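Below: the structure, in structure tokens.
The values are calculated or read from the model by the stated rules, or taken from the named source; none is laboratory data. Remember, it's a predicted structure, so these values are computed and weren't measured experimentally. Heads up, the Cβs are rebuilt from the backbone with ideal geometry, glycines too, and the neighbour counts pull from every protein chain shown.
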Amino acid sequence: MSKKPSEKETPTKEKAVEEVKEEKEVEKSVEKPAKAEKPQKKKKEEKGIFSLYKIESDKVTRLRPTCERCGPGYFMANHGNRYTCGHCGFTRYKPAEK
Ligand SMILES: [Zn+2]
């Protein structure tokens, strides 16, 4: 009865290597993914009195209605379905579309 020393092969080493591999993989998955590009923000409407006028050749058109109460010079704010005057609070509903 003579045992061969080959039986002594240590599987532990292999196991250790495997473990290391696994660890590495885990680390990889933990790594931060490439930053996703931020969705571009909608460009804000430019503010300023110039945004209320449109110039066509030599004509100037006002893009907002003026307040009926306050008279010309007081523009009304565009609020989707209505215009309001910030000066006196007058509200005028837009004519329904369609
Ligand atoms: Zn007004």
Matching residues, the range 83-98, being at pLDDT below 90 and on the phi < 0 side of the Ramachandran plot: Lys94, Pro95, Ala96, Glu97
Selected residue (criterion: farthest from Arg92 (Cα to Cα)) from residues of the range 50-67 that are touching a helix residue (DSSP H, G or I) at 6+ places or on another chain (Cβ under 8 Å) and within 16 Å of the ligand (Cβ to nearest atom): Arg62
Residues within the range 68-82 that are at negative phi and either more than 10 Å from the ligand (Cβ to nearest atom) or not in a strand (DSSP E or B) (or both), tallied: 9
